[in-house]
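**Student:** First the structure, which I've put down as structure tokens, then a few questions once you've had a look.
All of the numbers you see were taken from the coordinates with simple rules; none came from a lab. Since we're looking at a predicted model, the values are computed, not measured. Counting neighbours? That spans all protein chains shown, and the Cβs are built from the backbone with ideal geometry, glycine included.
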Amino acid sequence: MSMSSDMTDQQRINKVRTVVTKAGEDLRQQYPILKHQNFIGAAILIFALLGMLGSAWAFAAGILPTWACVILVAMFASLTHELEHDLIHYMYFKKTPWAHHLMLALVWLARPNTISPWARRRLHLNHHKYSGSEYDLEERGISNGMPWGLRRILVMSDQLMTVYLRPFQMFKMIGKFIEKQPEKERKTALFSQLTGFFPLSFVYYGIWYVFVIYHVVNGIAPMLGQSISWSVNLVKLIPTINFLAVVWIIPNFIRSFCLQFISSNMHYYGDIDPRDVIKQTQVLNPWWLFPMQVFCFNFGSTHAIHHFVVKEPFYIRHLTAKTAHQVMREVGVRFNDFGTFKRINRWN
């Protein structure tokens with residue numbers, strides 16, 4: 001059932017915001033512990049980090065098989081992505097800078113194949129302001145609006161591929177992004193984007209590329225009747241690289257691919273008004289995407305709520321999703337619009 005057609009777009013948007021905000025307030029009244037936002041954020045981070053470390057220890061001790069370790073670490077890491085997103089909007093320890101920045105550093109350490117959270121903050125706030133437009137560098141950087149093919153799949157798989165495979169286009173996108181920043185902040189914004197992957201992401205991708213190249217070459221060489229003479233130092237490092245691949249590298253590869261596949265396809269691009277929150281995103285939660293949702297903490301089902309009510313932490317969005325989805329349907333937010341795959345994320 002759709003909302004009365006005589007309502008303006010802004011009235012529809014306000015309707016969702018009112019209903020969702022009230023649902024969050026009612027929940028906090030019912031469960032007062034939810035008012036302790038800083039405590040909850042810190043507790044979730046500790047839980048996620050201990051889960052990642054515990055899984056790594058169990059794998060090293062031979063208790064946990066490789067596949068189980070990878071799955072568990074990816075799931076725990078998905079929690080840290082949600083925390084980073086909340087931190088970008090200053091939802092935890094806003095008045096305690098050292099704790100706020102410590103949390104930012106720890107969530108980046110947990111998922112190092114991303115741009116730093118300090119650089120991403122500018123990108124993400126810009127995303128809310130220009131969602132679905134050519135100035136939305138955050139979504140365009142993970143393939144939103146790209147034609148389907150091997151290049152888009154690689155861009156979703158590897159953050160650095162977005163630069164390797166389309167360097168001129170990316171510099172043009174960065175230029176448009178910088179153009180939209182306040183004049184006094186443009187140099188800082190440019191510097192943060194150019195250095196945003198240093199140092200953690202460089203470490204991550206260095207280990208990842210060595211791991212892939214070493215094992216792929218060793219797998220192909222015998223088929224071609226060749227033998228490879230690797231350096232002694234590299235051979236000594238391989239057991240450590242293999243361990244890090246299982247407990248840190250591969251889980252984040254899976255996590256980020258699932259997140260970026262869902263995010264780049266639930267956001268619309270190119271033919272919407274950036275101010276029209278109803279058309280910025282859809283709710284993308286079909287049953288067959290469940291395996292991907294597991295590794296991005298049900299992002300496809302709940303992220304659209306965030307575009308209406310920005311300041312609600314992720315765990316509140318999950319708890320109020322049923323109410324939010326009902327009113328979002330009424331005002332015309334799309335649900336499971338699979339045509340977006342054919343339309344290259346266009347609304348029409």
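**Student:** Could you give me the residue pairs with C-beta distances under 8 Å whose first residue belongs to region 55-66 and is on the phi < 0 side of the Ramachandran plot, whose second residue is of a type in the set (Asp, Glu) and part of a helix (DSSP H, G or I) wherever it lies, and which are 6+ apart or on separate chains?
**Tutor:** none
For every residue, the table says whether it meets (1) buried (at least 17 other Cβ atoms within 10 Å of the Cβ); (2) under 18 Å from GLY141 (Cα atoms); (3) in contact with a Cys (Cβ under 9 Å, 6 or more places away or on another chain); (4) in contact (Cβ under 8 Å) with a residue 60 or more places away in the chain.
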{"position": "LEU234", "(1), (2), (3), (4)": "no, no, no, no"}
{"position": "LEU237", "(1), (2), (3), (4)": "no, no, no, no"}
{"position": "ALA245", "(1), (2), (3), (4)": "yes, no, no, no"}
{"position": "ARG255", "(1), (2), (3), (4)": "yes, yes, yes, yes"}
{"position": "SER264", "(1), (2), (3), (4)": "yes, yes, no, yes"}
{"position": "TRP287", "(1), (2), (3), (4)": "no, no, no, no"}
{"position": "MET292", "(1), (2), (3), (4)": "yes, no, yes, no"}
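**Student:** Quick check: is even one residue across region 9-17 farther than 25 Å from GLY206 by Cβ, in contact with a Leu (Cβ under 6 Å, 6 or more places away or on another chain) and aliphatic (A, V, I, L, M)?
**Tutor:** Checked against the condition, which is being farther than 25 Å from GLY206 by Cβ, in contact with a Leu (Cβ under 6 Å, 6 or more places away or on another chain) and aliphatic (A, V, I, L, M), region 9-17 yields no hits at all.
**Student:** Can I ask one more? Those residues that are aliphatic (A, V, I, L, M) and crowded, with 17+ Cβ neighbours inside 10 Å, I need them from region 84-99; list them, please.
**Tutor:** LEU87, ILE88, MET91
**Student:** For the condition aliphatic (A, V, I, L, M), in contact with a strand residue (DSSP E or B) (Cβ under 8 Å, 6 or more places away or on another chain) and under 17 Å from VAL16 (Cβ atoms), what is the one hit in VAL277, VAL327, VAL309, VAL333?
**Tutor:** It is VAL333.
**Student:** Further question: Got a sec? Which of LEU102, LEU109, LEU125 is touching a residue at least 40 places away in the same chain (Cβ under 8 Å), within 25 Å of ILE40 (Cα to Cα), surrounded by fewer than 16 Cβ atoms within 10 Å (Cβ to Cβ) and of a type in the set (A, V, I, L, M, F, W, C)?
**Tutor:** LEU109
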